Structure formats: C-alpha cells, structure tokens
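Beneath this line is the structure, given in structure tokens, with notes to follow.
The values are calculated or read from the model by the stated rules, or taken from the named source; none is laboratory data. All figures in this text were calculated on a predicted structure; none of them were measured in a lab. FYI the Cβ positions are ideal-geometry reconstructions off the backbone, even for glycines, and counts take in every protein chain you see.
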Amino acid sequence: MKPVEIKKGIYWVGAIDWNLRFCGSYNTPRGTTYNAYLIVDEKIAIVDTVKAGFENEMLARIEEIVDPAKIDYCICQHSELDHSGSMPCLMKAAMKAKVIATQPGKESLLAHFGTNWGADVVKTGETISLGGKTLMFIEANMLHWPDNMFTYIKEDGVLFTNDAFGGHIATAKRYEDEVGTEAIQEATKYFAVIVSVYSSMVARKIKEIEEMRLGIGMIAPSHGVIWRQPKHIIDAYKRWSSGEAGRKVTVVFDTMWHSTEKMAQEIARGITYEGIEVRVFNLRTSDWSEIIKEIIESRLILVGSPTLNMGMYPSVGGFLTFLKGIRPPNKKAVAFGSYGWNKGAVKAINDELEKMNFKVLDSIEVKYIPTKEQLSSCFEFGRNLTKEL
Ligand code: FEO
C-alpha cells in the first residue's frame with residue numbers, strides 16, 4: 001500500500017497491524033494501525049512513528065516520497081512503544097533529524113531507549129516553521145500518559161492527536177467516512193477503556209482547544225481512521241467524558257447454577273417491556289472491553305453474582321476491578337444476585353459500586369433458585385428501574 005496524501009504535502013506513512021488481538025489492556029478483534037505522518041515542506045517532519053516490527057513498512061512508505069535522511073524533525077507526541085518503537089530505526093536513517101517532545105516525553109524516551117536523541121522540549125503554543133507550514137504544539141498531559149501532546153498545522157487545519165480520538169481498527173481505508181460505523185464503535189471502545197478514566201481532563205482539553213479557535217478541519221490520530229468531519233468525534237468525546245448517555249441499560253453477571261442468570265434475563269425482560277434498550281453479558285463468555293464500551297453508552301449498570309464463600313464470584317470481582325480503574329462518570333448502578341445459606345455477593349458488589357461514585361440504587365436478591373413469583377418480582381424490578389432513566 002502506498003503512502004496516502006491526506007492534505008497537500010502531508011502523507012500517512014504508517015503501518016497496518018491486521019492481526020493484533022490484544023493491546024495494553026484490551027482485546028482488539030479488528031487489529032489496529034500505527035499512524036505516522038510525513039509533512040513535506042521546505043523542511044520535513046514526521047509526526048510519530050510505528051511499533052517496532054513495522055519499521056520497514058513505514059520506511060518504505062517514506063522512501064516513496066523522500067529520502068529519510070532529509071527528515072529535519074521527528075515529532076514524538078507520545079513515547080509508548082506502539083508509537084515510538086521504531087524511533088531507533090528511524091533515527092539511524094534520519095541522521096540529522098531533531099527530536100521534539102514534551103518534557104515528560106523527553107524523560108520517557110530516555111527511560112525507554114537509554115537515549116532521547118537530545119530532544120528539544122516544546123510547550124503549548126510553541127511553533128516550528130517548516131517553510132509554508134507551521135507546526136504548533138499543544139501539551140495533552142494525561143491523555144493518556146504524562147507525555148502526550150497534539151500537533152496542529154494551522155495552514156491546513158490538521159490536528160494530530162496521537163492516541164486521543166483514535167481507535168483500534170485495521171483497514172486499508174484511511175478516513176472514517178469510508179469505513180462506516182465500525183470506526184465510531186472502535187473509537188467508543190478506545191475512549192471507554194483507555195481515555196475514560198481521564199474524562200475531566202478530556203473535557204478541559206477540548207474546552208481549551210475550542211477557546212484557541214484553531215479552525216480544525218481534520219483530526220488525524222495515531223490509531224485507526226482520520227476524521228474529515230472532526231465535529232463527529234469531538235462531540236462524541238464531549239458526550240462520553242460528561243457521562244451523558246442514552247436511555248440504555250447494561251446488565252452483567254456470572255452464574256453458578258443459573259439462578260443469577262434467570263434473574264438477569266427477567267430483569268432485562270422488564271426493562272425491554274418498557275421500551276428501553278438493554279444489553280446483557282455473561283462475564284464468563286463476553287469480551288470485557290466490549291462490555292465497558294456498552295457501559296459508557298448506558299445510564300444504568302446492573303451487576304449480578306451468586307454468593308460464593310460469603311462474597312461475589314471471582315469473575316465479577318475481576319470485572320469490577322477493571323471497571324474501578326476506568327471509573328465512568330455519572331452512572332447509576334444496581335446489584336443483584338442469588339445465595340444459598342449465607343448472603344454476601346450483593347453487599348460486596350454494592351460496596352464496590354459505591355467506591356466508583358456510582359449512584360447505587362436498591363438491590364434484589366433471591367435464595368437458592370428463583371420461584372415463579374420471584375422471577376415475576378425480577379421482571380417488575382426491571383420495569384421499575386426504567387423510571388430511573
Ligand atoms: Fe498510548 Fe497508542 O499508545
């Protein structure tokens with residue numbers, strides 16, 4: 001695949017990782033891309049590189065445009081290895097290139113590679129002229145590492161954002177409008193699992209950038225597709241970071257002898273009876289990152305478990321540990337479950353939900369196997385929950 005000119009003199013020279021199935025903390029069934037961008041002007045810059053192992057793919061694309069030895073600047077927006085892993089290789093080919101990073105980026109490069117190539121540090125608002133094009137840098141601390149930054153080319157209205165606004169999707173197409181709904185689905189999941197924990201910082205950063213009145217015509221992240229209608233993804237980030245969601249419910253559970261499963265099904269049936277969208281996941285057989293994506297888009301979360309040794313099931317505890325790290329804002333939550341001779345699971349779940357600052361609503365519990373009347377109660381419980389939406 002050739003390099004792709006996304007604006008005059010700006011080329012995608014990244015790599016496509018079709019077979020990545022796990023990245024950092026979540027499953028990536030659609031693979032990913034590592035997007036690097038070459039900017040050719042009187043001077044030449046590259047924004048980000050690619051994961052180690054894909055360096056030849058990137059270099060081959062660069063060589064179709066220019067000799068890598070002519071690169072003047074290597075902009076390291078983020079030192080995590082999926083973007084910086086090819087820097088040692090690139091810097092051998094681009095001998096005169098000056099590395100540009102934030103101060104935490106400079107420190108992180110040293111920690112990762114034993115060198116930072118004498119990187120120059122930039123701060124928000126500082127610029128580098130390439131001739132006809134001007135690079136302006138915007139620190140994006142904790143989106144999602146301390147070192148992250150964005151790069152803006154004011155003459156073209158292009159904002160490079162590294163991980164922010166990205167998504168794990170391998171595709172030969174470069175733009176969101178060519179890919180369809182898979183792109184926003186993967187961007188949602190990416191936000192949910194990687195960015196959501198920093199929601200308040202996301203909201204502040206978007207406000208800061210809007211106050212700069214930059215005139216952004218294109219958002220080019222370092223994973224997945226490029227947004228030619230940036231409002232689409234910016235509005236989505238505003239919505240997700242505020243906790244705003246549609247009238248939707250996500251139910252997650254594990255089950256021992258199907259009692260908790262029966263409860264989940266009846267509660268969900270009550271919710272759908274009232275015309276509310278619901279998604280139901282058995283934690284043992286579902287992709288947890290897919291569940292987190294659904295939770296981001298839900299106002300209410302139900303967590304169900306049988307009682308095991310006076311506590312919750314280990315799978316439920318594991319999932320709540322995952323969710324606690326993400327802490328999606330402004331959600332309501334409910335615990336439910338079954339028990340034998342001792343209770344414990346529902347209280348343990350409620351304790352965890354409260355630690356996540358969810359608004360915790362009343363619970364429902366059943367001893368041993370739910371009777372027909374108790375299943376009816378679960379159905380009514382589901383119906384009543386919709387009043388909370
Ligand atoms: Fe934080 Fe795509 O690396």
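Got a number for residues in the stretch 145-162 being at negative phi and surrounded by 23 or more Cβ atoms within 10 Å (Cβ to Cβ)?
So the answer is 10.
Quick one: is Thr49 polar (S, T, N, Q) and closer than 23 Å to Ala187 by Cα?
So Thr49 fits the description; yes.
What tally of residues in the stretch 181-205 results from selecting those that are in contact with a Lys or Arg (Cβ under 6 Å, 6 or more places away or on another chain) and either free of Cβ contacts under 8 Å to residues at least 60 places away in the same chain or away from the ligand (no atom under 14 Å from the Cβ) (or both)?
Counting residues in the stretch 181-205 that are in contact with a Lys or Arg (Cβ under 6 Å, 6 or more places away or on another chain) and either free of Cβ contacts under 8 Å to residues at least 60 places away in the same chain or away from the ligand (no atom under 14 Å from the Cβ) (or both) gives 2.
Every residue in the stretch 356-374 that is over 27 Å from Thr321 (Cα atoms) and surrounded by fewer than 17 Cβ atoms within 10 Å (Cβ to Cβ), please.
Ile369, Thr371, Lys372, Glu373
Scan the stretch 321-340 residue by residue and report those that are closer than 14 Å to Ser199 by Cβ, surrounded by fewer than 18 Cβ atoms within 10 Å (Cβ to Cβ) and not basic (Lys, Arg).
Gly325, Asn330
Considering only residues that are aromatic (Phe, Trp, Tyr) and closer than 26 Å to Ser196 by Cβ, look in the stretch 14-36 and name the one that is modelled with the lowest pLDDT.
Tyr26
Can you list the strands (runs of 3 or more DSSP E) found entirely within the stretch 8-104 that contain at least 1 residues being closer than 20 Å to His144 by Cβ and of a type outside the set (Val, Ile, Thr)?
By residue number, 15-17, 32-34, 37-40, 98-101.
Return a yes/no flag: does the stretch 127-134 have any residue that is farther than 22 Å from Ile10 by Cα and either within 16 Å of the ligand (Cβ to nearest atom) or at pLDDT 95 or above (or both).
no
Under 6 Å between Cβ atoms, which residue pairs at least 6 apart in sequence (or on different chains) link something in the stretch 330-350 that is in the same structural domain as Glu261 (by TED's automatic domain parsing) with a partner that is crowded, with 17+ Cβ neighbours inside 10 Å and among the aromatic types (Phe, Trp, Tyr)?
Listed pairs, sorted by first residue: Lys331/Phe358; Ala333/Phe358.
Please work out which residue is nearest to the chain's Cα centre (by Cα), limiting yourself to the stretch 344-375 and to residues that are among the polar types (S, T, N, Q) and closer than 24 Å to Ile296 by Cβ.
The qualifying residue nearest to the chain's Cα centre (by Cα) is Asn357.
Do we find a residue being β-branched (Val, Ile, Thr), surrounded by 23 or more Cβ atoms within 10 Å (Cβ to Cβ) and under 29 Å from Glu126 (Cβ atoms) anywhere in the stretch 232-252?
For the stretch 232-252, residues β-branched (Val, Ile, Thr), surrounded by 23 or more Cβ atoms within 10 Å (Cβ to Cβ) and under 29 Å from Glu126 (Cβ atoms): present.
Just checking, which of His223, His258 is crowded, with 21+ Cβ neighbours inside 10 Å and modelled with pLDDT of 95 or more?
His223
I need the full set of residues from the stretch 249-300 which are within 23 Å of Asp235 (Cα to Cα), within 22 Å of the chain's Cα centre (by Cα), of a type outside the set (S, T, N, Q) and in a strand (DSSP E or B), in order please.
Val249, Leu300
Which one of these is crowded, with 19+ Cβ neighbours inside 10 Å and within 16 Å of the ligand (Cβ to nearest atom): Ala140, Ala119?
Going through Ala140, Ala119 in turn, just one is crowded, with 19+ Cβ neighbours inside 10 Å and within 16 Å of the ligand (Cβ to nearest atom): Ala140.
Is the stretch 56-76 home to any residue that is assigned by TED's automatic domain parsing to the domain that holds Pro146, surrounded by 18 or more Cβ atoms within 10 Å (Cβ to Cβ) and within 14 Å of the ligand (Cβ to nearest atom)?
Yes.
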